[in-house]
1. Is it the case that Ile133 is in contact (Cβ under 8 Å) with a residue 24 or more places away in the chain, assigned to a strand (DSSP E or B), open to solvent by less than 60 Å² (accessible area, probe 1.4 Å) and of a type in the set (Val, Ile, Thr)?
2. Select from segment 255-268 the residues that are open to solvent by 20 Å² or more (accessible area, probe 1.4 Å) and not in a strand (DSSP E or B) and list them in ascending order.
3. Looking only at segment 407-422, count how many residues are under 14 Å from Trp75 (Cα atoms) and open to solvent by 10 Å² or more (accessible area, probe 1.4 Å).
4. Which count do you get for residues in segment 396-430 that are in contact with a Lys or Arg (Cβ under 8 Å, 6 or more places away or on another chain) and either part of a helix (DSSP H, G or I) or closer than 19 Å to Val58 by Cβ (or both)?
5. Of all residues in segment 51-85, which are more than 28 Å from Met371 (Cβ to Cβ) and open to solvent by 40 Å² or more (accessible area, probe 1.4 Å)?
6. When Leu333 is evaluated against the numbered criteria (1) in a helix (DSSP H, G or I); (2) crowded, with 18+ Cβ neighbours inside 10 Å; (3) modelled with pLDDT under 85, which criterion, by number, is the only one it fails?
7. Cβ-Cβ distance below 7 Å, separation of 6 or more or different chains: which pairs start in segment 266-277 with a residue that is in contact (Cβ under 8 Å) with a residue 12 or more places away in the chain and end on one that is open to solvent by less than 20 Å² (accessible area, probe 1.4 Å) and aromatic (Phe, Trp, Tyr)?
8. Taking Asp121, is it loosely packed, with under 15 Cβ neighbours inside 10 Å, under 22 Å from Val177 (Cα atoms) and in contact (Cβ under 8 Å) with a residue 12 or more places away in the chain?
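The values are calculated or read from the model by the stated rules, or taken from the named source; none is laboratory data. If you're wondering where the values come from, they're calculated on a predicted model, not measured in any experiment. Note: ideal-geometry Cβ built from the backbone for every residue, glycine included; neighbour counts use all protein chains shown. Remember, those area values only see protein heavy atoms, side chains included, never the ligands or the DNA or RNA. Shrake-Rupley method; radii C 1.70, N 1.55, O 1.52, S 1.80 Å.
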Amino acid sequence: MGSDSLVFQGGLKGAGLRHLHERLGSDELPRRADVIVVGAGIVGLAAAYELAEQGMKVCLLDRAQAGSAQSTRNWGFIRQQGRCVEELPLMIEATRMWLELEKRLGCDMDWVQGGNLRLTDSPDRAEDYHRWIDMARSLGLDSRVARAEEVEQIMPGFAGRYLTAIFTPSDGQVNPVKAVAGYAGALRALGVEIYENYRAAAIVTAAHQVVGVQTDDGFIGTSNVVLAAGAGSKALLRSVGLEVPIHFVGQTVALTTAVPRLTNACVWTGEIGFRQARSGGIVLSSGGLGDVKVDIDSLASLVSPRQFSQAFPMYWKNREYLRIRPRELVGALTSGRKNGLFEDVARYSDVAHALETLSRYFPELRCKVAMAWAGTIDGTPDALPVIDAVDQPSGLIVATGMSGHGFGIAPAVGKIVADLVTRGSSSYDLSPFRLRRFRDGAAKAPQHLL
């Protein structure tokens, strides 16, 4: 038996053989880069673009395909409405950037600035909405309480019950798939290669300084690493002795067949969330309803009293939306699942509930589900992202734990990350987003409106 047969039998069956086929014809990894961005979701793409615009040699890695995780599976809302006070200045800047992004990247993203409309039938949530409006207006946002006549104008024919409505006209929506493609195309135009199906195994340091990234296919030298790996960030931070308390929620989204124009706004009612795509189909979800997803790492983290005490307020605040399935817990223990690697399976019971609710809101509406998909949201206990140039190792910038807000806020985060790499500072107050807030007790209970 020849050596080639031995190699085939020993290491190139199944996924290994597919891995080899993906490599054939691919460019080899560079030996060195000015900065390595780990994670080619929307945040990593935005960071890589801003860095390349400033003339830096960027290497962008992803363990799968660019934007293949939550970046293309989200609702497509670009919303300032409902953000907590710490995050709102970043989202205001991101919204300004979205207004110019199609022109800047040279692409069509189906951008529509139709506003964000939120309705609630809960007296407690109504009070929260009024308090939020006061805070948002103090920061100069155009949010307001919407009267019944305005709701009818924004969403003609709506028959749902509600107690209070708030509206932010400057919010908008885009097609997430087109947004990811736009960033990827702009990066390639700047000469940046996106290395897909290349897994970063560890961040390598020497004398408390980043010196490179070890991948499954070799070592790449650099003095700057941007970690924007979403669900995969936890394991890579551990490779340099750091911990981030990330937990996971799975959500299902559907697209209906085309219907006459209902609204240009993004809508959240407490029961469902939806927007109407340019095609006429309704992008539809069961509001914030989702399944808590666990792996060995996230289960083990809850053994720590500190991490449990941080995670529990987030769950309790959103307990009416978060489901814990015993089968999920057993599956994590028996499969040994880790590193945020989950199978995303659409829950068609959620799709049916959302479609039934939409039909109740619009009794004359006739549509069917064209397709459905699922994604995994990585979140922190306080529902704020981690955006931080950590003290040790120097040269490591973390942009992860976006808590379901990463798509909308990505352009601003990309600009901040680029400033941290090139200037060592940002004009924004990043203290609420420090990684060490979870160690020193500065993290607060979630303050946003779901």
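1. Criteria not met by Ile133.
2. Hits for segment 255-268 are Thr257, Ala258, Pro260, Arg261, Leu262, Asn264.
3. Residues meeting the conditions: 1.
4. 1
5. Glu53, Gln54, Gly55, Met56, Lys57, Val85
6. (2)
7. If the second residue must be open to solvent by less than 20 Å² (accessible area, probe 1.4 Å) and aromatic (Phe, Trp, Tyr), the pairs left are Val267/Phe274.
8. no
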